[in-house]
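Written below as structure tokens is the structure these notes are about.
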Amino acid sequence: MLQLVLFFVFGTIAVAAAVNLLAQRHPINSALSLIVVMASLAALFLLMGAEFLAAIQVIVYAGAIMVLFVFVIMLLNAGAEERTPGSRVAMLLGFPAVVLLAGSLAWTLLARNPRPAPVALGGGFVGSPTAIAQLLFRDFLLPFEVTSVLILIAIMGAVVLASPPRTTAGAASPEPPAKRER
Amino acid sequence: MVPISYYLVLSAILFSLGVVGFLIKRNLITLFMSIELMLNAVNLAFVAFAWQWKSLNGQVFVFFVMVVAAAEAAVGLAIIIAVFRTRETLNVDRVNLLKL
């Protein structure tokens, strides 16, 4: 009973914050709404026994990734988004399409198994760091190492992309670049 | 006890809100945040199934999704900075040329 109440409280907060993300015109307000969504999802993870993931959700998602977003918003001095004819067309077409999508998703999820058995919480099923680590470093060792390479590539790509364009002096092109991109 | 279908429907709602955000918003950074919202909704579905089947594999998968999301955010935001440097706008309707 308590779990049902908690589910509805945090589910409502998540949906309301997601709607607020769409309603806000300024990116910084959207970013703060997204942090609320992530925090309430972390609470839902905790409700399902995923302790490690709840901590990671707060630390990595709401912490690191969203700080990156807010940092870029501040860096680019992004203002409120402007209305264009394209955005009106997108709004007219987008909402019916999404109602259709949500309806078909919910129907598919509910129609296959109209009365799924409710599961008991606990019962020894807790995604503790120990249990996750045993899976991660034993069964999923190769994917884990591959993701570390992926992160390395992402770091290098971010540095290359975000660094200001330099004039390629000499080696590659014989003539100097005609028009510098600014 | 919360039936798993409640979690799945909540996940579907959040995913659809992410899709609608991607469709109607015109700011590059907000589009990116909509993608993060969709990834979060899928994570919720993964954790719900892991809970239903009492298997931790779903939670490990969520871990990998988070790693990929972090890498995607780093590279994507760098691309946004590069786009802003050349076009001086964040509106996707104005980013309509491959070459300046």
Selection count, the range A:14-34, where residues are more than 8 Å from every other protein chain (Cβ to nearest Cβ) and in a helix (DSSP H, G or I): 8
Leading residue by the ranking (farthest from A:Pro27 (Cα to Cα)) among those in the range A:59-115 that are outside the structural domain of A:Pro27 (by TED's automatic domain parsing) and aromatic (Phe, Trp, Tyr): A:Trp107
Near pairs, Cβ below 6 angstrom, 6+ apart or cross-chain, from the range A:75-94 (loosely packed, with under 14 Cβ neighbours inside 10 Å) to any residue that is of a type in the set (S, T, N, Q): none
Test: residue in the range B:42-50 that is surrounded by fewer than 23 Cβ atoms within 10 Å (Cβ to Cβ), over 15 Å from A:Met38 (Cα atoms) and not aromatic (Phe, Trp, Tyr): no
Candidate set: the range B:76-91, residues that are among the aliphatic types (A, V, I, L, M) and crowded, with 19+ Cβ neighbours inside 10 Å; chosen: the one farthest from B:Asn40 (Cα to Cα): B:Leu90
Evaluation of B:Asn27 against (1) more than 7 Å from every other protein chain (Cβ to nearest Cβ); (2) in contact with a strand residue (DSSP E or B) (Cβ under 8 Å, 6 or more places away or on another chain) (one fails), failing number: (1)
Unmet requirement for A:Ala106, which otherwise passes all of (1) over 18 Å from B:Val42 (Cα atoms); (2) open to solvent by less than 50 Å² (accessible area, probe 1.4 Å); (3) at pLDDT below 90: (1)
So A:Leu41, is it of a type outside the set (Asp, Glu), surrounded by 13 or more Cβ atoms within 10 Å (Cβ to Cβ) and either under 30 Å from B:Glu88 (Cβ atoms) or modelled with pLDDT of 90 or more (or both): yes
Condition met for B:Leu39 (open to solvent by 10 Å² or more (accessible area, probe 1.4 Å), in contact (Cβ under 8 Å) with a residue 40 or more places away in the chain and assigned to a helix (DSSP H, G or I)): no
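The values are calculated or read from the model by the stated rules, or taken from the named source; none is laboratory data. Values in this document were obtained by computation on a predicted structure and should not be read as measured data. For neighbour counting, all protein chains shown are included, and Cβ atoms are generated from backbone atoms with ideal geometry for every residue, glycine included. Ligands, DNA and RNA are stripped out before the accessible areas are found, and what is left, the full protein with its side chains, is counted by its heavy atoms. Shrake-Rupley method; radii C 1.70, N 1.55, O 1.52, S 1.80 Å.
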